[in-house]
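The values are calculated or read from the model by the stated rules, or taken from the named source; none is laboratory data. Every value quoted in this text rests on a predicted model; they were computed, and no experiment measured them. Reconstructed Cβ throughout: ideal geometry from the backbone, glycine too, with neighbour counts over all protein chains shown. Accessible surface areas use protein heavy atoms only, side chains included; no ligands, DNA or RNA. Shrake-Rupley method; radii C 1.70, N 1.55, O 1.52, S 1.80 Å.
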Amino acid sequence: MSEGELSDPVRPNPDSGPTGNLESRSLHPATLFVPLIETTLALIPVGIGVSLFAGMQSALYLGGWFVVLPVALFNIARYLSLRYEVQGQELIIRSGLISRRDRRIPLKRIQDTRIRQGPLQQLLRLARVQIRTAGSDEQEAELSVISLHEAELLKSLIVRRQLGDADTAVSGRTVETGPPLLELGWTDLLLGGVTSRLATTLTALVGALIYFELVLRIGSRFLPDFGRFFDPLDRIPIPDPWRDSWFFPFLDFLLADRLLNSALIIFAGLAFASVGFVLRYFGYRLARQGQVLSKTHGLWTKAGSALNQGHVQALRVDESLLRRWLGLRSIRVDSAGDQRREDDRKKVEVFVPVVSRSVSRRIIEEILPALVSADPDWKRVSPRAVRRVCRKAWAVLTLLIVVNLSWGGMLVFALVPAYPLAYFVCLQRFRHTGYWYDEEYLLFRKGWFNRSTLFLPIRNLQSVSLTQTYFDRRLGLATLSVDVAGQTNTGGGAAIRNLPFGVARSIQIHLADRAAATRFIP
Amino acid sequence: MEQEDRELGREPDPGSPLASGSEVDGRPEADPAEMTAVDTGFQSLDPRIIRLWQVGNLIFCVAVLAAAAVGTAFVWTQSTISRLAPIWMVPAALVLVFVLVFWLPPRRYATRLYRMGARVLELRKGIFWKTSVMIPLSRLQHVDLNQGPLERKWGLAVLEIHTAGTSNATHKLEGLDYETGKGLREKLIEAADLEEK
């Protein structure tokens, strides 16, 4: 392993004494300029935009006074004031120039430790450490910028605490790292990229671009040659005899018309998505060390994290249609540090970006101990779910037809086959909705085209609810929902609809009872 | 275990979940269809909460009706429509007051129930949408006892139970007698071993 690379979290470290303490120290002097450079670089596109409208000078003026100066002052203050240390069981961070802040974070309570390196930081062997504890939406503490060496040291101390005294301190040796659970090669990364949801998004993005170009003709106003990109026949040298041949009109139609453009767009979208995916997950490596799962990945921004297996509140396996055909899936997990719903500021993170079905089973069974099977004998909800959902769909269809008839439209004939189709979809969804539980886990899967399976450790359930609407009561059905301590990545607890009431009630009692008998450790 | 079952007021399971889960389309005959079918051992709230809700809803009605009256007066002065047009608001106001002040509170009272078991607290509510929440006592993070101005006057209290959950982390139990609430809070904290944590 070369220097400057994220390494395994626990390795014998000469700098941390036998007590595992870390002397009080300040941030790396690079704090004075690295964040400043990163912010400035990130703002260059905005700056260009501003200078287009308001001129170069005002852009520089605005940026200088309102971005560069505050960021510089902030980082100087932080460098001067922040001190951190590890004393016994606590990470102590003192900060603040004017009002002092003294935070003590018990190492055992740390949910998740992350080390991130941007390209500049990789070059200078610096890193940013993010620490999350239970119940906080934001990370509890961030140390930026410290040297990679220090970051590794801190992480290894935290992980050592997480592994527990029984594993390390008492026996005096470190827990061995087994062979990696998963390493992603080029094939995995490319397949993952092509099938990622990002592909859809980017396709839509490029589609919007084309729309602006072809329909609104905005691009050509600024860049005269912009439109030519979309008219490939002008650019492809085609021999003259071909042009005269009988099939040329067809070729012309195929190429010049939207067909090729669409293909191009899709291809470009896939290429972009693959590049993004590869950049993000390059060198993905997941390893396990006692209770702690650590992963590292990333080319542009290198990220490493250590998560205690016991802290997993929920685990979700996703299979989109495309990935399912290729036998691939992805895995997300939530710890109690992932409290908030996904929003603009809280991005969803994928734990395992892409993995084959068989390997995924092994990984899930590694993350969730004592799980009987990742694909158990699923139980179905009440078959009345089919009729119930289908009737809703039919009602909408009927409404559409009635409205359409009143216009005298011909859409009616197109809508009639939708009735059996809707029934078929409802039936398929019902068949692929299933739940399963034992003493340790509650499993719930749903979806037909895009499938997802949720694994919830019962010892981490927070409450178990049963809800009946008026219609539920008429049909003797109920919805069972459970609440867990993390939801950002997995969407939180399950809501199992259309269970027969008696079944739902007995599951509710079982889950609440099992949860009550165990102790929740966030 | 069986003794605890009785203590929790549980009925024997209506058939194993496996058996009823795999049934083909047909009524789950043996199963009860509603929550009320298995209710035993639940406690009601303090009946004074009905009066509290009535007062609260009355204040709400007065506010809404006052706003409506101002709006109507404004329309009256501005438009040329018949002066009698807003008359429909009178029955609407009557219905609103009847539903919110006289019809809803007693029914709500009848459906709000709680049961403190040995290891699980269960809360029930809902007239149209019936909900039962089971909170394992070992999951309690902290328990608050709150009083609004009217509640302070009448000696009522609201128990607020917090778990580490996300979408459903806070559970409220309104309408407890203050002393009952205090006792329940003590019991909850004791059962949850909060001090030990």
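For region B:157-184, which residues satisfy the criterion of being in contact (Cβ under 8 Å) with a residue 40 or more places away in the chain and under 15 Å from the mean Cα position of the chain (by Cα)?
Quick first cut of region B:157-184, residues in contact (Cβ under 8 Å) with a residue 40 or more places away in the chain only: B:161, B:171, B:173-177, B:180, B:184.
Passing the criteria: B:161, B:171, B:173, B:174, B:175, B:176.
What are the residues in region A:353-385 that are touching a Lys or Arg at 6+ places or on another chain (Cβ under 8 Å), surrounded by 16 or more Cβ atoms within 10 Å (Cβ to Cβ) and not polar (S, T, N, Q), if any?
Matches in region A:353-385: A:353, A:354, A:355, A:357, A:366, A:374, A:378, A:380, A:381, A:385.
Table: residues versus (1) away from chain B (no Cβ under 14 Å); (2) of a type in the set (D, E, K, R).
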position: A:403; (1), (2): yes, no
position: A:415; (1), (2): yes, no
position: A:420; (1), (2): yes, no
position: A:429; (1), (2): yes, yes
position: A:441; (1), (2): yes, no
position: A:448; (1), (2): yes, no
position: A:462; (1), (2): no, no
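Pull up region A:454-469, narrow it to residues that are open to solvent by 20 Å² or more (accessible area, probe 1.4 Å) and not in a loop (DSSP other than H, G, I, E, B), then point me to the one that is modelled with the highest pLDDT. Quick ask: steps written out before the conclusion?
Of all residues in region A:454-469, those open to solvent by 20 Å² or more (accessible area, probe 1.4 Å) come to A:459, A:467, A:469.
Okay, now just the ones that are also not in a loop (DSSP other than H, G, I, E, B), so A:459, A:467.
Details: A:459: 91, A:467: 95.
This residue is A:467.
Does residue B:136 count as over 19 Å from residue B:178 (Cβ atoms) and assigned by TED's automatic domain parsing to the domain that holds residue B:57?
Numbers: over 19 Å from residue B:178 (Cβ atoms): yes; assigned by TED's automatic domain parsing to the domain that holds residue B:57: no.
Criteria not met by residue B:136.
Among strands (runs of 3 or more DSSP E) lying entirely in region B:82-197, which contain 1 or more residues that are under 30 Å from residue A:335 (Cβ atoms) and within 14 Å of another protein chain (Cβ to nearest Cβ)?
Working: elements: B:113-116, B:120-125, B:130-136, B:140-146, B:156-163, B:170-177.
Of the strands (runs of 3 or more DSSP E) lying wholly inside region B:82-197, those with at least 1 residues that are under 30 Å from residue A:335 (Cβ atoms) and within 14 Å of another protein chain (Cβ to nearest Cβ) span B:120-125, B:130-136, B:140-146, B:156-163, B:170-177.
Filtering region A:95-107 down to residues that are surrounded by 12 or more Cβ atoms within 10 Å (Cβ to Cβ) and without any contact (Cβ under 8 Å) to a residue 24 or more places away in the chain, which residue is farthest from residue A:162 (Cα to Cα)?
If we filter region A:95-107 for residues that are surrounded by 12 or more Cβ atoms within 10 Å (Cβ to Cβ), which is where we start, we get A:95-96, A:103, A:105-107.
When the remaining residues are screened for being without any contact (Cβ under 8 Å) to a residue 24 or more places away in the chain, the result is A:95-96, A:106.
Working: A:95: 25, A:96: 29, A:106: 11 Å.
This residue is A:96.
Just to be sure I understand, how many residues within region A:272-297 are in contact with a Phe, Trp or Tyr (Cβ under 9 Å, 6 or more places away or on another chain) and under 28 Å from residue A:108 (Cβ atoms)?
Step one: list which residues in region A:272-297 are in contact with a Phe, Trp or Tyr (Cβ under 9 Å, 6 or more places away or on another chain), which gives A:278-280, A:282, A:286, A:293, A:295-297.
Retained after the next criterion (residues that are under 28 Å from residue A:108 (Cβ atoms)): A:286, A:293, A:295-297.
Adding up the residues that qualify gives 5.
If a residue counts only when it is open to solvent by less than 10 Å² (accessible area, probe 1.4 Å) and modelled with pLDDT of 65 or more, which helices (runs of 4 or more DSSP H) contained entirely in region A:143-219 have at least 2 such residues? I'd like the intermediate steps shown before the answer.
Values: elements: A:148-163, A:186-195, A:197-211.
Answer list for region A:143-219: A:148-163, A:186-195.
Of the conditions (1) under 30 Å from residue A:472 (Cβ atoms); (2) in contact (Cβ under 8 Å) with a residue 60 or more places away in the chain, residue B:98 clears all except one; give me its number.
All conditions pass for residue B:98, except number (2).
Just for region A:489-505: of the residues that are open to solvent by 10 Å² or more (accessible area, probe 1.4 Å) and either aliphatic (A, V, I, L, M) or in a helix (DSSP H, G or I) (or both), which one is nearest to the other protein chains (Cβ to nearest Cβ)?
Top of the filtered list is A:505.
Which condition number in (1) more than 32 Å from the chain's Cα centre (by Cα); (2) modelled with pLDDT of 85 or more; (3) of a type in the set (A, V, I, L, M) is the one that residue A:44 fails?
Looking at each condition in turn, residue A:44 falls short on (1).
Counting only residues that are of a type in the set (Gly, Ala, Ser), give me the strands (runs of 3 or more DSSP E) lying completely in region A:294-343 with at least 3 of them. Full working, then the answer.
Working: elements: A:302-308, A:314-319, A:328-334.
In region A:294-343, A:302-308 are the strands (runs of 3 or more DSSP E) which contain 3 or more residues that are of a type in the set (Gly, Ala, Ser).
Being farther than 20 Å from residue B:129 by Cα, acidic (Asp, Glu) and touching a residue at least 12 places away in the same chain (Cβ under 8 Å) is the requirement here; does residue A:513 meet it?
No, not satisfied.
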